[in-house]
Every structure is written in C-alpha cells, then in structure tokens.
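Reviewing the structure listed below.
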Amino acid sequence: MEESVVFQWSVFRSLLAILQWWGFNVTVIIMNKWIFQKLDFKFPLTVSCVHFICSSIGAYVVIKVLKIKPLIVVEPEDRWRRIFPMSFVFCINIVLGNVSLRFIPVSFMQTIKSFTPATTVVLQWLVWRKYFDWRIWASLVPIVGGILLTSVTELSFNMFGFCAALFGCLATSTKTILAESLLHGYKFDSINTVYYMAPFATMILGLPAILVEGSGVINWFYTHEDVWSAVIIILCSGLLAFCLNFSIFYVIHSTTAVTFNVAGNLKVAFAVLVSWMIFRNPISVMNSVGCAITLVGCTFYGYVRHLLSQQPPPPGTPRTPRTPRSRMELLPLVNDKLDDKV
C-alpha cells in the first residue's frame, strides 16, 4: 500500500513538473521573440547572457540568502570535470535557440525542436549503449517525417535560423543526457545544478557577447525610443529564464532524458497557437499537417513506451549494459529513484 502511494505521488510530481515547465518555456520563448521583433533588440548573445546572470543571482539567493535548499559542496576538480562540460553545452543550446528565434517564427522553431527525441535516443544508444526496442525506433519515424514536411512547406523559411535550430536539437539532447547523469548519478538537485552551472555559462558567454554585440547594444541604448521599459522587459525575461532553468532540471530529475524531450514536443501545439495569436506569422495547410504528424508521432512514442513498460523481461535474461534495469526504466513519466525528492 505504501509503495502504491509513493508511486502515485511520483507520477503526480512528474506531471506537475512537466506542466510548470511548459508554462515557463512557452512564456520565455514568446517574450524572447517579442524582444527580438517588437523591441528591435537583435542581440541573442546578450539576451542569453542576461538570462544566465539572472539565473546565477536567483540560485544564490535561494541557497545562500533564503536557505530554501542546502548547498551541495562540490570539489573544484569535479566542478570543472563534471559541471563545466554540461554548462558549455547548455550555453550552446540556449544561444542556438535564441539565434533561431531571431530569424524564424516561434512555430517553425518549436517544430524543429521536436527532432530532439530522435537525437536523444541515438546519442544514448551510441554513447551509453542503452537498450531500445525496435518499436521505439519505429515510433520516431513520423516525428522525423513530420518535421521534414514542416520544413519544406514553411513560408518564413530562413536557412541560418533553420540550421541554428537543427544544431540546437543536438545540443539539447547532449545537455539533457549530461544533466540526467549529473542529477541521478551525483545526487544533485535542480537548484544546486543551476547554482554551479549558471556562473560557468555566464563566464563562457560574457566575452563573446561583448566582442560581437557590445557596440550594437550601446547604439541601441542611444537610439531606442523607450529604453527603460525595454530594459525592464529584458530583465523580466531573465527572471523567467531562471524559473525555466530550475524547472528544466526539476523535470529531468523527476523523469528521464527521453521523457523530457518527448514532453517538450507536446507543448509545440500550444506554442504554435500562442505565437500565431501574438505575431500572426503565416502558416500553410501542409505546414500544419507536418506539425500534426509530429505530434501524432510523439503520442505513438508514448504509447509504445507504455506497452513496453507492461512487459517484464524474459526470465533468465543475462544482465548487460544494454539490458533495462527494470520495468521502471521504461515508464514514461516516473523517475526510477523514488527516494530522491526535490
């Protein structure tokens, strides 16, 4: 009975984590697009740097000032060996996302990002030799096919923005796998991950932002009509980015890497609708069909995962690195470490 209560609480916590991540994610994306398009602040590196600075300050306040979470002490060697690589990849992921928003509509960018389940599965198979049933691979076909159809029929297609979003998928998958390893393997919680990661990301991005966009930002300050209102909006986007970074690692800690990416696909429809209502970017019929095929592929993927979770491994199956540890490894919305609470 107690195990059933713990299981139900874990499912509820995972669903709640995904929902709040959706809310922060869509809000930050729409706000960033507003900054680039409506405020004419066309500096994605600077926006990303502001986000990481706000995340650094927010994590410090939560841990050091409010003491909501205890600080997990990490040796300097482990900070550079474990956290710095994830910070570097996470930084690339955020920058590529903002660059793509600078050149393509939110709807198109979000649809391309739906490619991340495929890249995550491939990376986990190649690097970790993690086992995936053939039906998992088959379920990715409509996701990839839908994205290809959407790309071909996109009315606001931009090659630079498309490539940035595409490479962002690979960065997202790599970041998610690294973060899952850090959180599950080294007992990190979400806020401590942001606490150690955000300063590294700020350090990585600060100098390139100054060198590439510094003069343009100064010129924007002198020429924009309502500077301080725009600055407040940019800082608010940074505050929401901190909440989003927290929610990202909370979702990863509550679920798994592939679940995180698939859940991201399910918010595509909502993000497309909201962006169309605000920016009125043109969407063709075939473009909508491609997006719908992608979402159907995501639903099919979740169904396959559920089916596989109901099938116990054959008796006497030898343990190998490619063999799933248990049925819990296949559950789409449940963390396999129920005793780790955030």
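Structure values in brief
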| quantity | calculated |
| --- | --- |
| Counted residues, region 111-127 - those being within 14 Å of the chain's Cα centre (by Cα) and either farther than 20 Å from residue 294 by Cβ or not in a helix (DSSP H, G or I) (or both) | 2 |
| Scope region 63-86; condition acidic (Asp, Glu) and outside any helix (DSSP H, G or I); matching residues | 75 |
| Any hit, region 271-278, residues being farther than 29 Å from residue 58 by Cα and either at pLDDT 85 or above or not in a helix (DSSP H, G or I) (or both) | no |
| Region 217-239 - residue that is open to solvent by less than 40 Å² (accessible area, probe 1.4 Å) and in contact (Cβ under 8 Å) with a residue 12 or more places away in the chain and, of those, nearest to residue 196 (Cα to Cα) | 238 |
| Filtered residues of region 188-216 (kept if among the β-branched types (Val, Ile, Thr) and either in contact with a strand residue (DSSP E or B) (Cβ under 7 Å, 6 or more places away or on another chain) or open to solvent by less than 20 Å² (accessible area, probe 1.4 Å) (or both)) | 191, 193, 194 |
| Residue 55 in contact with a Leu (Cβ under 8 Å, 6 or more places away or on another chain), surrounded by 23 or more Cβ atoms within 10 Å (Cβ to Cβ), among the small types (Gly, Ala, Ser) and farther than 15 Å from residue 161 by Cβ | no |
| Residues located in region 22-52, provided they are over 20 Å from residue 191 (Cβ atoms), open to solvent by less than 20 Å² (accessible area, probe 1.4 Å), among the aromatic types (Phe, Trp, Tyr) and in a helix (DSSP H, G or I) | 36 |
| Residues satisfying the stated conditions in region 62-107, i.e. open to solvent by 50 Å² or more (accessible area, probe 1.4 Å) and within 18 Å of residue 237 (Cβ to Cβ) | 102 |
| Residue list for region 126-162, restricted to those being surrounded by 14 or more Cβ atoms within 10 Å (Cβ to Cβ) and among the small types (Gly, Ala, Ser) | 139, 145, 146, 151, 156, 161 |
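The values are calculated or read from the model by the stated rules, or taken from the named source; none is laboratory data. Since this is a predicted model, take the numbers as computed values, not measurements. Every residue, glycine as well, gets a Cβ built from its backbone with ideal geometry; the counts of neighbours run over all protein chains shown. We work out accessible area using only protein heavy atoms, side chains counted, and drop any ligands, DNA or RNA first. Shrake-Rupley method; radii C 1.70, N 1.55, O 1.52, S 1.80 Å.
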